[in-house]
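Notes follow the structure.
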Amino acid sequence: MVNLEIKERHIGEIVVLDLDGQIRIGGGSVMFRTTIRRLVEEGKNKILLNLAGVSNIDSSGLGELVSSHISLSKKGGEMKLIHLTQSLRELMTITKLLTVFDVYEDETRAVASFNA
């Protein structure tokens, strides 16, 4: 069962993915991985994840975030995060992943940071 919806928007060369639902083992994490792989194959390597609508993420979902981040970095790309929920921020603090990702609260600043 897929409990994740991904809406794709483009701001110049940056792809914004608005995620809504759960990034969990099975459907959600598979859908997320498939979307990122497709974007990388299309040469779109500046990705901004809007996580405001993510209600739950498990270890599989965190693994997909890290894996996608590494894949993009190897291709000269970047993945940044905006609008972490309180629970997701706490989870990423505990797992030390806040030190891995660039995290923003404002979409305009996040988009501008790609060109900085």
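The values are calculated or read from the model by the stated rules, or taken from the named source; none is laboratory data. Worth saying up front: this structure is predicted, and the values here are computed from it rather than measured. So basically every Cβ, Gly included, is an ideal-geometry build from the backbone, and we count neighbours across all protein chains shown.
Observations on the structure shown:
- Residue, farthest from the chain's Cα centre (by Cα), within region 97-116, restricted to residues that are within 19 Å of residue 71 (Cα to Cα) and in a loop (DSSP other than H, G, I, E, B): 114
- Subset of region 65-109 that is among the charged types (D, E, K, R) and either in contact with a strand residue (DSSP E or B) (Cβ under 6 Å, 6 or more places away or on another chain) or closer than 13 Å to residue 47 by Cβ (or both) - its residue that is surrounded by the most Cβ atoms within 10 Å (Cβ to Cβ): 80
- Residues of region 1-36 that turn out to be in a strand (DSSP E or B) and either under 14 Å from the mean Cα position of the chain (by Cα) or on the phi > 0 side of the Ramachandran plot (or both), as a count: 16
- Test for residue 56: is it surrounded by 15 or more Cβ atoms within 10 Å (Cβ to Cβ), at pLDDT below 95, not in a helix (DSSP H, G or I) and not hydrophobic (A, V, I, L, M, F, W, C): yes
- Cβ-Cβ under 7 Å pairs, at least 6 apart or on other chains, region 19-37 side of a type in the set (Ser, Thr, Tyr), far side crowded, with 23+ Cβ neighbours inside 10 Å and outside any helix (DSSP H, G or I): 29/23
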